[in-house]
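Let me begin by presenting the structure, written as structure tokens, before commenting on it.
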Amino acid sequence: MAAGAAGPCSLLALLLLGGLAAGVAGTSPEIKAHVTGVSGKLILSCNITAPYPAIKGHEWMHGDKILQTDTESSAFTSYTIEGKMEEHSGVYDCIYKTNPVIKAQVNISVPPQVTAYKKSEHGNEGDTGVLTCKNPSFPPVFSWLWYKSGQEPIINGSGRYIIKSSGNKTELRILKLNIEEDTGDYHCNATNSYGSGGATVNLRVRSRLAALWPFLGIVAEVLVLVTIIFIYEKRRKPDEVLDDDDGGSAPLKSNATNHKDKNVRQRNAN
């Protein structure tokens, strides 16, 4: 077993080698692995020592995903990763297609690369606030800490705080949110065997009355609309008065008609 060194970056790569198969005369082949950083690239390589069975190809895998495969019979195989080491940490397998299969693990390990699920969280006064941080890098975190700016680390179960941490995820719950006491920045800090890292979450606590603002806005719009209609109707009243006056002239026309009919009857009587 052998370990390779990373390039100029200060981060370390841990190489774990395994998966040895039976070779000639009861001996087992050995796989030497290296990680090299060159011009922003990571080159993972494996080299199997003799004696070893016939090789029908190679595969590189990350978890359940096949990254690269070939049908070459050489004892050396490599895989190139574009980007920084902290962006590609994890367990990589170099697999030799022999009978039986021989493989080794290359573990790229970095300090925690902690990120907040949301950089800003909102909650209503009296409700429960939930803040979440995660660490997608390898190796897993063995210690999580939460603390508010300028204060001591938060102890799980103390006061209104509940902390739930499992592997690469942590969650801080704050019961019965208080505007004055709970508003502010909260920091989550993770530690693994390669160092520490953290992230910040800003918590904003709103008054319970904040939920009423949309309703009050609708009420205000209705009142404005009713006021406009009222003013409009009030301005129309003079026109309505003129219409009533015009209607009063109708009897005059009716009287004239009656006189005309009376004259016609008188002529017929003569």
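Data table
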{"item": "Given (1) surrounded by fewer than 16 Cβ atoms within 10 Å (Cβ to Cβ); (2) closer than 30 Å to K32 by Cα, index of the condition A104 fails", "result": "(1)"}
{"item": "Yes/no for M61 being under 25 Å from V114 (Cα atoms), free of Cβ contacts under 8 Å to residues at least 40 places away in the same chain and open to solvent by less than 40 Å² (accessible area, probe 1.4 Å)", "result": "yes"}
{"item": "Number of the exception - T69 against (1) in contact with a Gly (Cβ under 8 Å, 6 or more places away or on another chain); (2) of a type in the set (S, T, N, Q); (3) assigned to a loop (DSSP other than H, G, I, E, B)", "result": "(3)"}
{"item": "Residues of the stretch 156-177 that turn out to be loosely packed, with under 11 Cβ neighbours inside 10 Å and among the β-branched types (V, I, T), as a count", "result": "0"}
{"item": "Residue match in the stretch 4-14 (condition: part of a strand (DSSP E or B), modelled with pLDDT of 60 or more and either within 39 Å of the chain's Cα centre (by Cα) or not β-branched (V, I, T) (or both))", "result": "no"}
{"item": "Flag if V91 is closer than 20 Å to G195 by Cβ and in a strand (DSSP E or B)", "result": "yes"}
{"item": "Restricting the stretch 70-96 to residues that are touching a Phe, Trp or Tyr at 6+ places or on another chain (Cβ under 8 Å) and among the aliphatic types (A, V, I, L, M), the residue that is surrounded by the most Cβ atoms within 10 Å (Cβ to Cβ)", "result": "I95"}
{"item": "Residues located in the stretch 32-69, provided they are small (G, A, S) and modelled with pLDDT of 90 or more", "result": "A33, S45, A54, G57, G63"}
{"item": "Given (1) in contact with a Pro (Cβ under 7 Å, 6 or more places away or on another chain); (2) in a loop (DSSP other than H, G, I, E, B); (3) without any contact (Cβ under 8 Å) to a residue 60 or more places away in the chain; (4) farther than 30 Å from K176 by Cα, index of the condition G37 fails", "result": "(2)"}
{"item": "Verdict on V110 being part of a loop (DSSP other than H, G, I, E, B) and more than 20 Å from the chain's Cα centre (by Cα)", "result": "yes"}
{"item": "Some residue of the stretch 139-150 being buried (at least 18 other Cβ atoms within 10 Å of the Cβ), polar (S, T, N, Q) and touching a strand residue (DSSP E or B) at 6+ places or on another chain (Cβ under 7 Å)", "result": "no"}
{"item": "Strands (runs of 3 or more DSSP E) contained in the stretch 123-184 and holding at least 2 residues among the polar types (S, T, N, Q) and within 23 Å of the chain's Cα centre (by Cα)", "result": "161-166"}
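The values are calculated or read from the model by the stated rules, or taken from the named source; none is laboratory data. Remember, predicted model here, so these are calculated numbers, not experimental data. Cβ sites come from the backbone with ideal geometry, for glycine too, and all protein chains shown count toward neighbours. Calculation scope for accessible area: heavy atoms of the full protein, side chains included, ligands and nucleic acids excluded. Shrake-Rupley method; radii C 1.70, N 1.55, O 1.52, S 1.80 Å.
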